[in-house]
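Take a look at the structure below.
The values are calculated or read from the model by the stated rules, or taken from the named source; none is laboratory data. Quick caveat, the model's predicted, so the values are computed rather than measured. We place every Cβ from the backbone using ideal geometry, glycine too, and count neighbours over all the protein chains shown. SASA here: full protein model, heavy atoms, side chains in, ligands and nucleic acids out. Shrake-Rupley method; radii C 1.70, N 1.55, O 1.52, S 1.80 Å.
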Amino acid sequence: MTNRLADTTSPYLLQHAHNPVDWYPWGPEALERAKQEDKPIFLSIGYAACHWCHVMAHESFEDAEIAVLMNEHYINIKVDREERPDLDSIYMSAVTAMTGQGGWPMSVFLTPELIPFYGGTYYPPRPRYGMPSFRDVLLSLADYWQNRRDEVTRSGGEILQAVLQQKAGNQQSGNFTPEILQQATLALLRSYDWQHGGWGRAPKFPQPMAIEFLLRRHVAGDPKALETVQHALNAMARGGMYDVVGGGFARYSTDADWLVPHFEKMLYDNAQLTIAYLHAWQISREPHYHQVVEETLGFVQRELLGPEGGFFSSLDADSEGVEGKFYVWTLDEIRAALGETDELFEAAYGLSPTGSHGEWESKIVLQRVATDAELAGRFGLLAEEIPARLAVRHAQLLTTRSQRIRPGTDDKVLTAWNGWMLSAFAEAARALENDTYLQIAQRNADFILRELVVEGRLRRSWRQGQTSPEVFLEDYASLILGLLDLYQADFNPRWFAAAQKLTGEMIEQFHDPAGGFFDTTRDAETVLLRPKDLQDNATPCGNALAAEALLKMAAFSENEEWLQLAENSLGQVAGFVTEYPTAFSRWLSAADFYLSKTRQIALIGDPQEGSAEMAEFLREIRRRGEYQPNTVVAAAGLPIPEGSPALLAEKPMLEGKVTAYVCEGFVCRRPVNKVEEMRELLTADG
């Protein structure tokens, strides 16, 4: 027996298609029925990899008696938060206003007019943890709806006003200055946890956007920024939250020391963290960061890359109904997989028959306790030999682990998240000179532009040939940024032309005349209000991404209007960032780009022909800069292909040789056609 969710494509909704609950997907049918029958709506929002969503589903939504109560008294709607971030944002604000905190599963009770009047997150089947049972909540609210409607109406009105005031109060007007960036940097450094690494208390979340901003501050000359970044990256890469066997990062650490993760693996975390480790490697040349980048991209290629070229959304935390079962070990399992007792490996991870480091619920979560240098001294080896020896053992464990029952895969393709991973593969292809990464990035961009653009309009989600009707600001901005990174990896004008077209559409569909951008298109469904989030969360907010996309597009295109739109957008948050820098870190990076000298390099000479001369110029640009966050590069032969950046226009080739134009703010130095002359210009510019 199935319910209406059986006709949806979302893996999360399909997980609930066999519940006895009479679930509806969000849409006119459910909303009209609520009005016709004068019933409140129970809105449940979650996602496929969410452990506590599974728990509540098993305890309550699969329970026949609870389903009877839900079906009798409510219109029940399931929403995949990854497909509808607009609904998630609005009702998460309501839950936070009611309870002081939010999370998933999100459980919200609405009037037929969609006004929230009660809400929370996970509810147990019986009273515990200081929470009422879900059954009691259902019965109590049904009684209120039938017999005390005035109280429901008053409560809903108060909550609605709180949500509206919160959203209205999120926006200010101001100007970013270098002093604001300095103050935000100091705030991040002062709040850093030098004992465990990272920011905040347990549960401990990675902060890749804060790390990215601090890497920019290192480039700007801050001496403390890189030390802080490396401490954070080292803490996370030891293992636990980082999967030392198969690569990739879990969602967060349940403890302060990054040991026991919440085991779900999200595409967006792995995209952002890959880029952070890549940029840190470009600056420091720390070999372990290079290893983390390659292992993480290897994990994505192996487990999240679909045959058509799209990246899947996530891997579940659970397998066989147990959180983390796929990833944890016993000492006997490790020794059996390795075929022997390996003293070096066991010393590296603190393993012992009498009690191992990383024990959790009688299992082992692998986390390094000894450095390469310590192991080398103990076992009479060179420190350089240790990573290769451990890598052999990791491969053996991965082979054994691959025979276990895998966690579920959420195989929907989300445009925004794919844009971030597109950037990761494209940047890694360029920095590591890896053709395989470049091919993956090219296939991904081709897939998105082919499958997720329907009737000329970008879409949010794709699964098994079907797309969602919605699209959001973050989808446009993230794809623009990904295409720009890919363009700078292969200089195919197709990618820039697509980014330029998307930029025009983004402005047309999302721009707010008061400044910044709405999260939904101008013709999208409006629920309570048109959302306009300004804070970064686990993912960057759409407005910060849009500002960054406009700044970079302006650097390529000489479009002053786009630069002005970005400047106005940045002004929305200038007053917040110093007080809450981790909530506005992507904004801070965009502001750093805006306030820094943006270098534009135009190379005239066909990069597609693969000439040794062009390759030498490109190697010099990439070797000189390594990590160059405020540099954009365009290249083309003559005649300049249609769709290429305006940066290349009206720049002749000297003496038939590859010619470089080094510019700042579209004021260019004399053109040069010798690599050593370009090197002098780059050195003179710092």
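Points worth noting:
- Only listed residue being under 27 Å from residue 592 (Cα atoms) and touching a residue at least 60 places away in the same chain (Cβ under 8 Å), chosen from 534, 502, 550: 534
- Among the candidates 333, 320, the residue that is open to solvent by 20 Å² or more (accessible area, probe 1.4 Å), on the phi > 0 side of the Ramachandran plot and in contact (Cβ under 8 Å) with a residue 60 or more places away in the chain is uniquely 320.
- Contact map, segment 381-410: residues that are within 18 Å of residue 302 (Cβ to Cβ) paired with residues that are open to solvent by 40 Å² or more (accessible area, probe 1.4 Å), Cβ distance under 7 Å, separation 6+ or inter-chain. Pairs shown: 405/320.
- Within the set 339, 358, 380, the sole residue that is surrounded by 15 or more Cβ atoms within 10 Å (Cβ to Cβ) and on the phi > 0 side of the Ramachandran plot turns out to be 358.
- The residues of segment 446-467 include none that are modelled with pLDDT under 95 and buried (at least 18 other Cβ atoms within 10 Å of the Cβ).
- Meets criteria (on the phi > 0 side of the Ramachandran plot and either of a type outside the set (Phe, Trp, Tyr) or open to solvent by 50 Å² or more (accessible area, probe 1.4 Å) (or both)) for residue 7: no
- If you go through segment 292-317 and keep only what is in a loop (DSSP other than H, G, I, E, B) and open to solvent by less than 10 Å² (accessible area, probe 1.4 Å), you end up with 304, 306, 309, 310, 313, 317.
- Among the residues making up segment 19-54, those that are out of contact with any Ser or Thr (no Cβ under 6 Å at 6 or more places or on another chain), in a loop (DSSP other than H, G, I, E, B) and either of a type in the set (A, V, I, L, M, F, W, C) or surrounded by fewer than 20 Cβ atoms within 10 Å (Cβ to Cβ) (or both) are 20, 21, 22, 26, 27, 38, 39, 48, 50.
- Which numbered condition residue 577 fails, given (1) of a type in the set (A, V, I, L, M); (2) closer than 24 Å to residue 276 by Cβ; (3) part of a helix (DSSP H, G or I); (4) at pLDDT below 95: (3)
- Identity of the residue in segment 535-564, closer than 21 Å to residue 270 by Cβ and buried (at least 20 other Cβ atoms within 10 Å of the Cβ), that ends up nearest to the chain's Cα centre (by Cα): 539
- For segment 472-491, the condition of being open to solvent by 20 Å² or more (accessible area, probe 1.4 Å), part of a loop (DSSP other than H, G, I, E, B) and either modelled with pLDDT under 95 or of a type outside the set (Val, Ile, Thr) (or both) holds for none of the residues.
- Which listed residue is at pLDDT below 95 and in contact with a Phe, Trp or Tyr (Cβ under 6 Å, 6 or more places away or on another chain), from 319, 352: 319
- Hey, residue 366 touching a Gly at 6+ places or on another chain (Cβ under 9 Å) and at negative phi or not: yes
- Note on segment 575-614: residues that are of a type in the set (A, V, I, L, M) and open to solvent by 10 Å² or more (accessible area, probe 1.4 Å) total 3.
- Segment 583-604 residues that are part of a helix (DSSP H, G or I), paired with ones that are among the aromatic types (Phe, Trp, Tyr) and open to solvent by less than 10 Å² (accessible area, probe 1.4 Å) (beta carbon under 6 Å, 6 or more apart): 585/213; 588/213; 589/213
- Within the option set 271, 276, being within 22 Å of residue 187 (Cβ to Cβ), part of a helix (DSSP H, G or I) and among the small types (Gly, Ala, Ser) holds for one residue only, 276.
- For beta carbons closer than 6 Å, sequence separation of 6+ or different chains, a first residue in segment 233-246 that is under 18 Å from residue 398 (Cβ atoms) and open to solvent by 10 Å² or more (accessible area, probe 1.4 Å) and a second that is outside any loop (DSSP other than H, G, I, E, B) and of a type in the set (A, V, I, L, M), the qualifying pairs are 245/397; 245/398.
- For segment 407-445, residues that are outside any helix (DSSP H, G or I) and open to solvent by less than 20 Å² (accessible area, probe 1.4 Å) total 5.
- Residue tally, condition open to solvent by 50 Å² or more (accessible area, probe 1.4 Å), in contact (Cβ under 8 Å) with a residue 40 or more places away in the chain and on the phi > 0 side of the Ramachandran plot, over segment 632-685: 2
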